[in-house]
Each structure stands twice: as structure tokens, then as C-alpha cells.
1. Among the numbered criteria (1) within 18 Å of the chain's Cα centre (by Cα); (2) at pLDDT 75 or above, which one does residue 141 miss?
2. Residue by residue through segment 1-26, note down the ones that are over 20 Å from the mean Cα position of the chain (by Cα) and among the β-branched types (Val, Ile, Thr).
3. Of all residues in segment 27-37, which are assigned to a helix (DSSP H, G or I) and either hydroxyl-bearing (Ser, Thr, Tyr) or closer than 13 Å to residue 141 by Cα (or both)?
4. Quick one: in segment 164-174, of everything that is free of Cβ contacts under 8 Å to residues at least 40 places away in the same chain and assigned to a loop (DSSP other than H, G, I, E, B), which residue is farthest from the chain's Cα centre (by Cα)?
5. For segment 73-83, which residues satisfy the criterion of being assigned to a helix (DSSP H, G or I) and open to solvent by less than 50 Å² (accessible area, probe 1.4 Å)?
6. Kindly indicate the residue of segment 84-101 that is at pLDDT below 70 and small (Gly, Ala, Ser) and also most open to solvent (accessible area, probe 1.4 Å) among those meeting that condition.
7. Within segment 115-163, can you find the residues that are within 15 Å of residue 25 (Cα to Cα) and part of a strand (DSSP E or B)?
8. So which residues in segment 30-72 are over 19 Å from residue 18 (Cβ atoms) and open to solvent by 70 Å² or more (accessible area, probe 1.4 Å)?
Amino acid sequence: MWGFIVTIYNIVFYIPLLNGLFFLTNLLPNGDLGTAVIILTVFIRLLIFPLNHKMIKTQQTMKKIEPEIKLIQKDSKNKEEQGRALMELYRSHGINPFSGFFSLFIQLPLLIALFKVFQKDIFSQSSLAYSFILIPNSINTLFLGFIELTKTSYWLSAVAAISQFTQIKLATPTQNKDQSSNKAPDFASIMQKQMAYMLPIMIFIFSLNLPSAVALYWTVMNVFAIVHEAIVRRKTITTTIITSHQ
């Protein structure tokens with residue numbers, strides 16, 4: 001059973017990712033692997049764009065209905081009753097609270113596949129290339145001229161951690177001073193604040209034990225998410241202002 005799962009995983013994630021890198025490095029000048037990783041990451045992000053866009057829209061809607069959520073949590077003492085009320089509220093606003101999980105579920109196998117690609121010499125995996133994919137004559141594994149993508153990098157690990165922190169802070173709901181002074185922080189707020197600092201630290205530590213190409217992939221993913229979040233947030237604010245003036 002496990003052998004079957006590994007085979008399916010290789011067919012769906014690992015081998016296509018490897019071939020994508022072969023294809024891009026063969027097209028790019030000097031077989032630039034860093035640029036290939038960036039292009040491939042953007043392509044992957046575009047493929048899962050609808051799912052991530054839905055997740056961000058869900059986050060924005062959750063921020064809007066936060067007062068209603070707080071009211072349900074305050075009035076419903078029974079956990080089962082509270083759960084039903086919250087699910088009904090989510091349903092009425094077209095929210096799927098598990099959308100973030102599905103996004104992570106797709107990204108995690110890709111991250112593992114990329115690690116598997118760089119776990120050993122890329123040319124040694126050429127037997128897995130599709131028949132229509134040309135193997136590049138040479139691959140430049142130096143990113144920006146000094147970062148070896150097949151080895152760990154403090155620089156890229158730090159950038160990955162900083163981009164993760166920025167992405168979390170942008171996605172986290174902000175409270176005004178009146179709300180923060182009059183209300184004791186709830187469990188969810190405490191967890192959000194802890195995650196904003198703990199996850200980037202974890203990313204930094206993990207990146208130090210992985211090829212820096214994985215840190216580059218994670219950084220580009222975060223930058224894409226930051227830009228996407230900023231655009232959606234700006235549109236939401238603009239729509240709210242227009243609606244309030246009507």
C-alpha cells in the first residue's frame with residue numbers, strides 16, 4: 001500500500017516538478033537554476049490561484065463577521081450549540097472555514113517534492129525525464145552569483161523567515177486601540193500572535209537544514225501571497241468606502 005502511495009506521489013508531484021526544472025533550465029541562458037525555480041514557483045502559484053484567492057476572500061469575510069462570531073461565542077455556553085451556530089453563520093456568508101487547510105494540503109507535497117529533487121545531483125535523475133524534455137548540457141546552481149542552491153544558505157533562510165512573518169502579519173486581522181484596551185485577548189488572538197513569530201522562526205530553522213532552493217521556493221510563494229493579499233485588501237477597502245458613501 002505504501003509503495004503504491006509513493007508511486008502516485010512521484011507521478012503527480014516529484015517527476016513533473018523535476019521535468020519542469022529540466023525544461024526551464026534548458027531554455028534559460030546559462031541554465032540558471034535560480035530563475036527556473038522562481039518561474040516554476042510562480043507557475044505553481046498561478047495553478048492554485050483560485051484556491052488561494054478563495055482562502056483570502058474567506059479571511060476578509062471572517063474579519064467582517066468577527067463581531068457576530070464573538071457574540072455567538074459569548075451567548076452560546078454549550079460547545080455543540082456554539083458549533084452549530086457558527087457553521088450556520090459561515091454557511092449564510094458562503095464561508096468554508098477549512099479552505100486554508102486545502103491550500104496547505106496542496107503546497108506541502110510540492111515542498112517535499114522540491115526537497116527530493118535537490119536531495120541529490122539533478123543530472124543523476126535524468127532517467128526520469130519525459131521523452132519530449134531535453135536535458136540541459138549544464139546547470140548553473142549559483143543564485144545571484146553567490147548562493148549555492150544545492151546547499152543551505154543563511155541569507156535565503158533569513159529572507160524566507162522575514163517573508164513568512166510579513167505574510168502572516170498582513171493576513172492577521174488588526175484591532176483598533178479601543179478594542180484592544182477594552183477586551184481581554186481571546187485564545188484565537190493569542191494563537192495568531194504566537195504564530196506570527198513562531199512560524200517564521202520554524203521556517204528559518206528548517207531552511208538551515210534544507211537546500212537553499214527550497215528556501216527560495218518558499219520565499220517566492222510568500223511574496224506572491226503578500227502581493228495577492230495586498231491587492232484583495234485594497235479592493236475590499238475601496239468597495240467598503242464606496243458602499244458607505246452610497
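The values are calculated or read from the model by the stated rules, or taken from the named source; none is laboratory data. This is a predicted model, so every value here is computed, not measured. Cβ coordinates were reconstructed from backbone atoms using ideal geometry, including for glycine residues, and neighbour counts include every protein chain displayed. In case anyone asks, the SASA skips ligands and DNA or RNA and just uses the protein heavy atoms, side chains included. Shrake-Rupley method; radii C 1.70, N 1.55, O 1.52, S 1.80 Å.
1. Answer for residue 141: the failing condition is (1).
2. If the condition is that a residue be over 20 Å from the mean Cα position of the chain (by Cα) and among the β-branched types (Val, Ile, Thr), then 5, 6, 7, 8, 11, 15, 25 are the ones that fit.
3. 29, 30, 31, 33, 34, 35, 36, 37
4. Once the filter is applied, the top-ranked residue is 174.
5. Listed by number, the residues that qualify are 82, 83.
6. Once the filter is applied, the top-ranked residue is 100.
7. Across segment 115-163, the qualifying residues are 140, 142, 143.
8. Answer for segment 30-72, where residues must be over 19 Å from residue 18 (Cβ atoms) and open to solvent by 70 Å² or more (accessible area, probe 1.4 Å): 30, 46, 49, 50, 54, 57, 64, 67, 68, 71.
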